[in-house]
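Have a look at the structure below, then the notes.
Each value in this text was obtained by applying a stated rule to the coordinates, not by laboratory testing. None of the values given here were measured: they were computed from a predicted structure. Quick reminder, even Gly has a Cβ in these numbers, built from the backbone with ideal geometry, and neighbours come from all protein chains shown.
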Amino acid sequence: MNILFAVLLLGGLALLAGIVLAIASRVFHIEGDPMMERIDAVLPQTQCGQCGYPGCKPYATAVASGEVDVNKCVPGGERAMLAIADLMGVPPKEVEEEAAPPMLAYIREDECIGCTLCIKACPVDAIIGAPKQYHTVVESHCTGCTLCVEPCPVDCIDMLGKPEVLEEWTWSAPGKSRLVIEDSAEGETHVRAA
Amino acid sequence: MSEFALIMLSAVLVNNFVLTKFLGICPFLGVSRKLETAVGMSLAVLFVMTLASTASWLVQQFILIPFDLMYLQTIFFILIIAVLVQFIEMLIHKSSPVLYQALGIFLPLITTNCAVLGVALLNVQQEQTFMTSALYGFGSALGFALVLLLFAGLRERIDKAPVPEAFKGSAVSLITAGLMSLAFMGFSGLVKV
């Protein structure tokens, strides 16, 4: 008898809770933005964040509200871009390539002829060396701008990926959680906080 | 008043849920990769644990004790806490999109996390009053938040540190967590509740 009462009480309470939740989901139903949902449907759902938004849905929201271009989705490529442009009724735009990771110049010293041309090209004086002597790159000063690669007559400068080290790593500034990648007129890529 | 202060101090430092009682280890290791998500998770835990300890106290006093059903504590607490959290998630989703973005995604994750259920059961064991159980829930969550934030900060730095190959990833995180737990053992004896 006691057990029967316990089962009924728990079952009744669970039933009541289920009914309350069912009613609540009706009452608090959220009308989604239909345009955002249609854009979200054509995105690849990789949630890669290469568009500068934390995922596909935030990007779809931003596109639907018109605050960002239709061509930021790299994995979706041209197919996704054309579909979004069609949905939004805007002219298609070429899809941007992935932003390059930070680079460092590296001189292969045994091939260097000591011509000093790269030293003159370097805008931040990160290359040291004298005429007819090997040149080398001061890693902490190099900005990875690639300006020294072109002048080198023997092509002994490589651009290598810059390793992230603890000494140079800093906390990101508070309150700037969402980063937006945008391109300036000079073709440089800037990351700014939205 | 000093009793309340003692409960808080005890819950946050001495009987820390994560590092002393080893409850809530899953979110502690799972959401501590980034400081930002750790903040969201902490706020969600703060909210849910306070809610859970008050709700379970009410269930205990007005359902379980009158009907002599103490042996069904766990299942009753799970039911009530899960329903309340689910209901409030819907409410937040409807009324405040901003708050939902910050908290919403974490709420279902911790609906009946072991730390949440733990605070409810411990409250009952310690025969707290309504006020002290609410405070104990809040304090425990505060302790969880403190430890989670500290750990997330450490992990963000460890990610960039030259860790030996064999210790990379989870291994060094677990060692760090162990060292933190050792450090928190230093608080034992500070308060006896």
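If you build a Gaussian network model of chain B, linking Cα atoms that sit under 10 Å apart, which residue out of B:K160, B:K168, B:K21 swings the most?
The residue that fluctuates most here is B:K160.
Using only the alpha carbons of chain B, what is the convex hull's orientation-averaged projected area in square nanometres? Numbers along the way, then the final one.
Values: hull surface 48.8 nm².
With the hull built on Cα positions only, its mean projection is 12.2 nm².
Just grab the label-to-label distance for A:V90 and A:E111, each label 7 Å out from Cα along the Cβ direction, in nm (one decimal).
4.3
Non-local amide H neighbours of A:I127 (under 5 Å, H modeled in plane, Pro and chain starts lacking H): which ones?
HN-HN under 5 Å from A:I127: A:V138.
Across region B:6-12, in residue order, what do the Karplus-derived ³J(HN,Hα) couplings come to in whole Hz, using 6.51 cos²θ - 1.76 cosθ + 1.60 with θ = phi - 60° and x for Gly and Pro?
Along region B:6-12, the couplings run 5, 4, 4, 4, 5, 5, 6 Hz.
Where the Cα atoms of the protein assembly as shown are projected onto their three principal axes, how long is each span, largest first, in whole Å?
Per principal axis, max minus min of the Cα coordinates gives 98, 60, 36 Å.
Would you mind calculating the relative contact order of region A:35-88 from Cα pairs under 8 angstrom and at least 6 residues apart, reporting the percent as a whole number?
Numbers: 60 pairs, mean separation 20.4, N = 54.
Rounded, it is 38 percent for region A:35-88.
When the Karplus curve 6.51 cos²θ - 1.76 cosθ + 1.60 is applied with θ = phi - 60°, which whole-Hz ³J(HN,Hα) does each residue of region B:120-128 get, with x for Gly and Pro?
Listing the rounded values in order: 5, 6, 5, 4, 5, 4, 7, 6, 7 Hz.
If amide H atoms are built 1.01 Å from N in the plane of the peptide, which residues on other chains or at least 5 residues away come under 5 Å of the amide H of A:M103?
Sorted by chain and number, the residues that satisfy this are A:K162.
What nm distance separates the two modelled labels at A:Y134 and B:A5, each placed 7 Å from Cα along Cα→Cβ?
6.7
For B:I78 and B:T129, what does the FRET efficiency come to when R0 = 22 Å and r is the distance between their Cβ atoms, rounded to the nearest 0.05?
0.40
Just in region A:39-98: which GluC sites (Glu not before Pro) are loop by DSSP and have at most 13 other Cβ atoms within 10 Å? Intermediate values should be presented prior to the final figure.
On the way: sites: A:E67, A:E78, A:E94, A:E96, A:E97, A:E98; in loops: A:E67, A:E94, A:E96, A:E97, A:E98.
Sites meeting the loop and neighbour criteria: A:E67, A:E94, A:E97, A:E98.
With θ set to phi - 60° and the Karplus curve 6.51 cos²θ - 1.76 cosθ + 1.60, what are the ³J(HN,Hα) couplings of region B:144-151 in order, to the nearest whole Hz, using x for Gly and Pro?
Going residue by residue, I get 4, 4, 4, 5, 5, 5, 4, 5 Hz, with x marking Gly and Pro.
Treat every Asp and Glu Cβ in chain B as -1 and every Lys and Arg Cβ as +1, leave all other atoms uncharged, and give the resulting dipole magnitude about the Cα centre to the nearest 20 debye. List each step's numbers first, then the result.
Numbers: 9 positive and 8 negative charges, 89 e Å.
It works out to roughly 420 debye.
Treat each spin label as a single point 7 Å out from the Cα along the C-beta direction, and report the B:F22 to A:V124 distance in nm.
4.9
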